[in-house]
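Asker: Below you will find the structure I want to go over with you.
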Amino acid sequence: MTDDIKDSPAFKALKARMDALKNAPPLEKARTFLKAYCAVNSTLEEVDDQIRHVLGFNSISLWTGIAGLETVLADTHLPASTLVSLVREDANRKELPATPAAARQYLEQVLGLLRKYLPKEPEVEGVAGFGIDEVYNLRDPAHTLERLRCIDVVGVGNGSFALLVPEHASDDEGPFTVYRYEAVFGQPFKYDRVTDADLIAKVLEASRSSP
């Protein structure tokens with residue numbers, strides 16, 4: 001990421017909001033998630049669609065949502081009225097019965113949606129070696145963390161390359177990301193993102209022509 005982008009007011013404001021969200025109390029994390037994902041959608045199916053869409057570019061709000069909802073549901077001292085308010089007011093589900101049992105059931109359903117797409121614990125950034133159908137946390141050119149799934153490893157010339165797509169993207173449609181890697185016994189695994197369009201095209205061609 002260039003210094004110009006990092007110094008821009010828009011980037012600073014976004015970073016400040018993300019930092020504030022990550023450091024917010026659990027109840028506030030839950031409320032923020034419910035307002036952003038549930039209050040604006042009529043059904044759980046629509047919430048699911050929004051979660052899958054957001055996974056492609058920024059999962060911070062999803063991780064903080066999980067943290068907030070898990071803590072709220074596990075808090076035996078949380079007033080029943082707060083649980084009901086979370087669902088009827090923050091999630092805008094006024095059609096549900098105003099009871100703690102109904103509220104808890106809805107929040108558990110929302111948490112279940114999140115858990116479909118995110119692992120129990122976030123993986124550490126980087127890779128120790130590329131494996132087919134494995135998912136990795138990697139930085140894009142703007143230094144944003146991406147979750148990419150490896151769909152093939154191929155050789156082109158004297159180099160070894162891994163072909164990846166976003167975690168939930170189609171293997172055939174991409175978008176595609178290519179990493180050159182070097183694995184030498186007894187040495188740290190080395191890898192770097194390929195930006196040369198001609199080389200990326202050769203890797204795609206090699207992958208598609210392989211048996």
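Asker: May I ask you to sort D152, D48, D140, D192 by Cβ crowding, counting other Cβ atoms within 10 Å and putting the fewest first?
Answerer: So the residues, fewest neighbours to most, are D192, D140, D48, D152.
Asker: Which far-off residues, 5 or more places away or on another chain, put their amide H under 5 Å from the one on V194, with H placed in the peptide plane?
Answerer: It is V178, Y179, R180, by chain and number.
Asker: Next up: Using DSSP to call loops (not H, G, I, E or B), can you name the chymotrypsin sites (Phe, Trp or Tyr not before Pro) in region 154-211 whose Cβ has at most 12 other Cβ atoms within 10 angstrom?
Answerer: Working: sites: F161, F176, Y179, Y181, F185, F189, Y191; in loops: F176, F185, F189.
Of the chymotrypsin sites (Phe, Trp or Tyr not before Pro), the ones in loops of region 154-211 whose Cβ has at most 12 other Cβ atoms within 10 Å are F185.
Asker: What shape does region 135-209 take by its C-alpha gyration tensor, where a ≥ b ≥ c are the square roots of the eigenvalues and a/c under 1.5 counts as rounded, a/b above b/c as prolate, and the rest as oblate?
Answerer: Since a/c reaches 1.5 but b/c is at least a/b, the shape of region 135-209 is classed as oblate.
Values in this text are rule-based calculations from the coordinates and carry no lab data. Just so it is clear, the model here is predicted, and its values are computed rather than measured. When we count neighbours, we look across all protein chains shown, and the Cβ atoms used for this are built from the backbone with ideal geometry, even at glycine.
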